[in-house]
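The values are calculated or read from the model by the stated rules, or taken from the named source; none is laboratory data. Keep in mind that this is a model prediction, so the values were computed, not measured. Cβ coordinates were reconstructed from backbone atoms using ideal geometry, including for glycine residues, and neighbour counts include every protein chain displayed.
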Amino acid sequence: MSCINNSVCKLCRRENTKLFLKGDRCFSDKCAFERRPYPPGQHGQSRLKFSEFALQLREKQKAKRYYGLSEKQFRKYFENADNSKAITGTELLKYLELRLDNVVYTLGFAASRREARQLISHNHFAVNGKRVNIASYIVNKGDVVEVVEKSREVNKVLAGIQSVARRTIPSWLEANHAALKGTVKDFPTRDEVSIPVEESMIVEYYSR
């Protein structure tokens, strides 16, 4: 499981956008990005002119951190997308959206993707009736993701459902919070991916 050791609030400030890495805190007055919307460090408030390479790097870092991946994981997804017949950038985002940890978070069963990875690794979720403890598992159209019977009273799962009202569940997913399950109705389109990133710049970064 990928682990981010440094302050996640600094990551949002570095990428100049909310990455929603701390669950409910990101929607409160305590959000560091809302209080200090500039990069961390001594020169954070300075006006800097970025090179084309720097802009491409920032877009790549933004997407990588948004989904909580290591560089090795992220590059693997890019290579898979690049080898497909579809548009590379769009296919990359599709792979990232279909990760089980992202689906669990988006359905509202966890307050953040980081928390979703932890819950998955502790065997709290099943796909099509079979327990899956790999956060990077790629779900498919028609798959049913549900909380296993013995985990239906887990506080983090119930808290995630309570906080989902702050977020919008995309149309390619269908959530049934009463039954603690969700269905992958279709593959996500680019319009349904909410991350504010220019995927074409990520493609350019890796195509250097």
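If you take the residues of segment 176-208 that are among the small types (G, A, S), in contact (Cβ under 8 Å) with a residue 24 or more places away in the chain and farther than 14 Å from K141 by Cα, which of them is surrounded by the fewest Cβ atoms within 10 Å (Cβ to Cβ)? Spell out the reasoning first.
Filtering segment 176-208 for residues among the small types (G, A, S) gives 178-179, 182, 194, 200, 207.
Retained after the next criterion (residues that are in contact (Cβ under 8 Å) with a residue 24 or more places away in the chain): 179, 182, 194, 200.
Next cut, farther than 14 Å from K141 by Cα only: 179, 194, 200.
Numbers: A179: 11, S194: 14, S200: 14.
For segment 176-208, the residue satisfying everything is A179.
Just checking, how many residues over segment 162-208 are of a type outside the set (V, I, T), part of a loop (DSSP other than H, G, I, E, B) and within 20 Å of L92 (Cα to Cα)?
Initially, segment 162-208 is screened for residues of a type outside the set (V, I, T), giving 162-163, 165-167, 170-182, 185-188, 190-192, 194, 196, 198-201, 204-208.
Next, from what is left, pick out any that are part of a loop (DSSP other than H, G, I, E, B): 167, 170-172, 177-180, 185-188, 194, 196, 198, 207-208.
Still in the list and also within 20 Å of L92 (Cα to Cα): 170-172, 185-188, 194, 196, 198, 207-208.
The qualifying residues number 12.
Table: residues versus (1) of a type in the set (K, R); (2) touching a Gly at 6+ places or on another chain (Cβ under 8 Å); (3) assigned by TED's automatic domain parsing to the domain that holds E91.
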position	(1), (2), (3)
K156	yes, no, no
I161	no, yes, no
R166	yes, no, no
S171	no, no, no
E174	no, yes, no
L180	no, no, no
M201	no, no, yes
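Is it the case that segment 12-23 has a residue that's modelled with pLDDT under 95, over 25 Å from S200 (Cα atoms) and not assigned by TED's automatic domain parsing to the domain that holds E153?
So in segment 12-23, the residues modelled with pLDDT under 95 come out as 12-23.
Of the ones still in play, those that are also over 25 Å from S200 (Cα atoms) are 22-23.
Applying the additional criterion that residues be not assigned by TED's automatic domain parsing to the domain that holds E153 yields 22-23.
Yes, the conditions are met somewhere in segment 12-23.
Can you find a residue that is of a type in the set (D, E, K, R), on the phi < 0 side of the Ramachandran plot and exposed (fewer than 14 other Cβ atoms within 10 Å of the Cβ) anywhere in segment 117-137? Can you show your working first?
Kept after step one, since they are of a type in the set (D, E, K, R), are these residues of segment 117-137: 117, 130-131.
Still in the list and also on the phi < 0 side of the Ramachandran plot: 117, 130-131.
Pick out the ones that are also exposed (fewer than 14 other Cβ atoms within 10 Å of the Cβ) and you get 130-131.
Among the residues of segment 117-137, at least one is of a type in the set (D, E, K, R), on the phi < 0 side of the Ramachandran plot and exposed (fewer than 14 other Cβ atoms within 10 Å of the Cβ), which makes the answer yes.
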